[in-house]
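Right, one structure below, let's go through it.
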Amino acid sequence: MVTLIRPLVLFDLEATGVNPQEARIVQIAAVKWIAQGLEDWRSELINPGIPVPKDAAEVHGLTDEVLKEAPTWKERAQDWWSWMEGCDLCAYNGKRYDFILLDAEFRRAGLAGSPPGRRIDPYLIWTLKEGRTLEAAYKRFASPKGPEVAFHTASFDTVALNAVVAGMIDEWWPEGVTSEQLEAAGRDPSWADAQGKLKWNGGGLTLTFGKHAGKPMRDVPRDYLRWMLEQDFPEDVKGVLRRVLRGEVMTPPALEKDDA
């Protein structure tokens with residue numbers, strides 16, 4: 001049983017590539033948990049407006065020919081945004097891919113990113129608890145009671161995701177759980193952004209990648225931070241960088257809460 005503070009949208013994306021900042025959606029499927037036992041399902045093919053690479057098509061089976069009559073994301077973005085508005089979002093490995101891709105696609109369509117709300121990632125929850133892929137998660141939490149699923153199609157992956165999240169809740173929170181608790185369960189408290197590119201270490205921020213990996217933010221050249229702002233990093237990373245460049249004193253969320 002999950003206690004919904006507001007509706008929860010569980011979704012899966014198939015796309016043209018593995019870089020969530022550059023890929024284009026070719027299929028989106030989602031289920032909205034509105035209330036206990038009340039769900040709203042939807043799925044749609046999307047014409048990405050660019051050729052689908054052969055390696056991507058081999059994974060999800062969605063070729064240029066299959067997608068040629070489908071609407072573009074720009075044509076459908078506002079409807080999906082409105083359907084998700086006021087909801088928390090949930091996607092498997094979403095903080096490394098689906099959340100980033102969806103936000104980038106909404107921005108390319110002229111909207112202000114994804115609707116605000118919590119971001120719940122069952123992959124991170126399970127990784128911190130045990131760790132596995134969606135297929136293994138499905139076997140662990142849904143089989144044998146779950147139906148046979150053909151993975152790597154957004155519709156079937158969402159069926160699996162729906163069963164996995166429900167199974168996690170039944171096992172780990174049998175008395176009930178809120179969306180806020182689900183989000184916290186899948187979040188590394190040392191991360192200052194959704195992907196862990198910036199981490200809190202000893203009360204200060206450090207970079208976790210590149211030639212300045214492991215350095216405190218105060219020791220990273222400002223020219224390098226400005227260069228990062230010009231690259232395809234997620235908006236939450238860029239938001240932190242802008243605060244650092246403005247000279248703002250930043251503290252870990254736990255300390256900010258204690259000072260409030």
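Before moving on, here are some points about what is shown:
- This model, with +1 at the C-beta of Lys and Arg and -1 at the C-beta of Asp and Glu, gives region 198-259 a dipole about its Cα centre of some 220 debye.
- Cut-off under 5 Å, modelled amide H: who pairs with T178 long-range: T3
- Value in Å of the Kirkwood radius, where the chain supplies the Cα pairs that are averaged: 19.7
- Taking Cα centre as origin and charging only the Cβ of basic (Lys, Arg, +1) and acidic (Asp, Glu, -1) residues, the dipole magnitude of the chain rounds to 860 debye.
- Which listed pairs, of K95/K197; K211/K238; K95/K129; K32/K197; K129/K238, have C-alpha distances above 23 Å, in listed order: K32/K197; K129/K238
- In this structure, E171 and A213 have a Cβ-Cβ separation that, at R0 = 51 Å, corresponds to a calculated FRET efficiency of about 0.90.
- For the chain, a Gaussian network of Cα nodes joined below 10 Å ranks A56, A15, A137 by mean-square fluctuation, and the top entry is A56.
- For a label point 7 Å along the Cα-to-beta-carbon line of E235, residues of region 189-206 with backbone N under 20 Å: 192-198
- Ordering G239, F209, P252 by the projection of their Cα atoms onto the charge dipole of region 198-259, which places +1 on the Cβ of Lys and Arg and -1 on the Cβ of Asp and Glu, puts F209 at the extreme positive end.
- E69 versus T133: modelled label distance in nm, points set 7 Å from Cα along the beta carbon direction: 3.3
- Long hydrophobic helices in the chain: the complete DSSP H runs spanning 18 Å or more by Cα along their own axis with mean Kyte-Doolittle hydropathy of at least -1.0 are 154-172.
- The translational diffusion coefficient of region 61-192, from Stokes-Einstein at 25 °C and 0.890 mPa s with a Kirkwood hydrodynamic radius over alpha carbon pairs, comes to 151 µm²/s.
- One decimal place: the segment T251-E22 gains 79.3 nm when fully extended, by the rule 0.36 nm per residue minus the C-alpha distance.
- For region 170-260, taking the reciprocal of the average inverse distance between every pair of different Cα atoms yields a Kirkwood hydrodynamic radius of 14.7 Å.
Only the coordinates and a few stated rules stand behind these numbers; no lab work does. The model shown is predicted, which means the values in this text are computed figures rather than measured ones. Reconstructed Cβ throughout: ideal geometry from the backbone, glycine too, with neighbour counts over all protein chains shown.
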